[in-house]
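S.K.: Sharing a structure below in structure tokens format, with a few things to ask.
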Amino acid sequence: MTVMHCLTTNPQPQNDRFTGLLRARGIGVTQLPLHAYGPPSAGGAALRQVLREAQADAFDWLLFSSPQAVAAVVAEATLFPNAAQYGAVGEATAAALRAAGVEPAVVANGGGEALATAVLQHGLTASTRIASFQAEAGRTEWHTVLTAHGATLRHVPAYRLLPSPVDAAAWCAAHPDPIHAIPFTAPSAVQRFVELFSPFLAASPFATARYYAIGRTTATALTVAQLPIAAVASSQAFSALVAVIEHENS
């Protein structure tokens, strides 16, 4: 029987975690991190300033878009369980917050828009103060959902995605065996993949690949890139993405 083979594109250390879940299900994996994490382009001064304000109870909500946003904050300061309510996009981000010692008040599996909706359900006023920690070039459209209801919101770039150098032609030549599944966990990974590999998608190793998305925004990026979507995970968790890949290929 042919063993299904998957290509993972996440930055490290997320790639190792995702790969471990796939391999535990008997799925072969080739890792190709398309980005690396780095500090914000302007440095960490803005992040540190917001954290000082948070320690002084300047915010009612602290929102995190990814595990890396949590990691970037934890690298600068101890989280403060009693200073604010915490919100997380996805179970992986919630797990990172719990590992840092705080329990999120809301966990949303539908991206930033779902997190904004969940926070709204807790009630906002003109005096509600929110800090949102995310990637430097992360999507901010969902912030308007909160500000439209009177909240004051600070967008805090916590980290930056840096494109990994990849020689696409050389990589394809070195990996001729078919890739059966390519799951994506962020629109940025889809965009970088197409930027690098669009001339090679009709040939090995990608000719028979099926594409998977962890959520709606990533699925939209696949559609824009004209890559056919095999399935979209039921939640923004690596385990849900692994489950849908396994189901679609059983």
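S.K.: Could you tell me the distance between the Cα centroids of the stretch 215-237 and the stretch 150-211, to the nearest Å?
M.R.: Using only Cα atoms to place each centre, the spacing works out to 13 Å.
S.K.: Please report the antiparallel percentage of the DSSP beta bridges confined to the chain, to the nearest 5.
M.R.: The answer is about 10 percent antiparallel.
S.K.: Collect residues whose amide H, placed 1.01 Å from N in the peptide plane, falls under 5 Å from the amide H of Arg210; neighbours closer than 5 in sequence don't count.
M.R.: Those lying under 5 Å, H to H, from Arg210 are Ala181, Ile182.
S.K.: While we're looking at this one, here's another question. Loop only by DSSP, 10 or fewer other Cβ within 10 Å of the Cβ. Give me the GluC sites (Glu not before Pro) in the stretch 69-118 that pass, ordered by residue number.
M.R.: Passing sites in the stretch 69-118 do not exist.
S.K.: Could you tell me the relative contact order of the stretch 114-208? Use alpha-carbon pairs under 8 Å, at least six residues apart, and round to a whole percent.
M.R.: Over the stretch 114-208, the number comes to 25 percent.
S.K.: If contacts are Cα pairs under 8 angstrom and at least 6 residues apart, what is the relative contact order of the chain in percent?
M.R.: 20 percent
S.K.: Work out how much length Gln12 to Ala42 would gain on full extension: take 0.36 nm times their residue separation and subtract the Cα-Cα distance, in nm to one decimal.
M.R.: 8.6 nm
S.K.: Could you tell me what a quarter of the Cα convex hull surface of the stretch 1-107 works out to, in nm² with one decimal place?
M.R.: 7.7 nm²
S.K.: Sticking with this structure for a sec: Only four residue types carry charge here, +1 at the Cβ of Lys and Arg and -1 at the Cβ of Asp and Glu. Report the dipole size of the chain about the Cα centre in Debye, rounded to the nearest 20.
M.R.: Here the size comes out at about 60 debye.
S.K.: Neighbouring Cβ atoms within 10 Å as the yardstick, rank Val194, Val73, Val106 fewest first.
M.R.: Ordered from fewest to most neighbouring Cβ atoms within 10 Å, Val194, Val73, Val106 come out as Val194, Val106, Val73.
S.K.: A follow-up question, please. Fully extended, how many nm does the chain gain between Val232 and Ala95 (0.36 nm per residue separation, minus their Cα-Cα distance)?
M.R.: Working: separation 137, 0.36 × 137 = 49.32 nm, distance 2.16 nm.
Net length gain for the segment: 47.2 nm.
S.K.: What is the Rg over Rh value, at two decimals, for the stretch 109-201, using alpha-carbon atoms and the Kirkwood definition of Rh?
M.R.: Numbers: Rg = 19.0 Å, Rh = 16.3 Å.
So for the stretch 109-201, dividing Rg by the Kirkwood Rh gives 1.17.
S.K.: Please rank Trp171, Trp61, Trp142, fewest neighbouring Cβ atoms within 10 Å first, as an exposure proxy.
M.R.: With the sparsest Cβ surroundings first, the list reads Trp171, Trp142, Trp61.
S.K.: Based on the alpha carbon coordinates of the stretch 152-250, what radius of gyration and maximum Cα-Cα distance (Dmax) apply, in Å?
M.R.: Expressed in Å, the Cα Rg and Dmax of the stretch 152-250 come to 14.9, 52.
S.K.: Let me ask something else about it. Which Cα, out of Gly138, Leu162, Ala126, lies furthest along the positive dipole direction of the stretch 113-188 (beta carbon charges, K/R +1, D/E -1)?
M.R.: In the stretch 113-188, that residue is Ala126.
S.K.: Under a point spin-label approximation (7 Å from Cα along Cα-to-Cβ), what is the Glu195-Val166 distance to one decimal in nm?
M.R.: 1.1 nm
S.K.: Right, something else. Length gain on complete extension for the stretch Glu141 to Ser204, per 0.36 nm per residue less the alpha carbon to alpha carbon distance?
M.R.: Result: 18.9 nm gained on full extension.
S.K.: Mean shadow of the stretch 127-170, computed from the convex hull of its alpha carbons, in nm²?
M.R.: 3.8 nm²
S.K.: Do you know the relative contact order of the stretch 103-162, to the nearest whole percent, from alpha carbon pairs under 8 angstrom that are 6+ apart?
M.R.: Values: 74 pairs, mean separation 21.7, N = 60.
It rounds to 36 percent for the stretch 103-162.
S.K.: Then there's this: Dipole size in debye (nearest 20) for the stretch 109-185 around its Cα centre, Lys and Arg Cβ +1, Asp and Glu Cβ -1? Don't jump to the answer; show the numbers that get you there.
M.R.: Values: 4 positive and 5 negative charges, 82 e Å.
With Lys and Arg at +1 and Asp and Glu at -1, about 400 debye.
S.K.: Return the calculated 222 nm mean residue ellipticity for the chain, to the nearest 500 deg cm²/dmol, obtained by summing -39500 (n - 2.57) across DSSP H runs with n ≥ 4 and dividing by the residue count.
M.R.: The helix contribution divided over the chain gives -10500 deg cm²/dmol.
S.K.: For the stretch 148-154, in order, what is each residue's ³J(HN,Hα) by Karplus, 6.51 cos²θ - 1.76 cosθ + 1.60 with θ = phi - 60°, in whole Hz (x at glycine and Pro)?
M.R.: Values per residue, Gly and Pro as x: 5, 9, x, 6, 9, 10, 10 Hz.
S.K.: Throw me the Rg/Rh for the chain, computed over C-alpha atoms with Kirkwood Rh, two decimals.
M.R.: Values: Rg = 19.0 Å, Rh = 19.0 Å.
That ratio equals 1.00.
Read the figures in this text as sums done on the coordinates, not as results from a lab. Predicted, not measured: the structure shown is a model, and the values here were computed from it. Every residue, glycine as well, gets a Cβ built from its backbone with ideal geometry; the counts of neighbours run over all protein chains shown.
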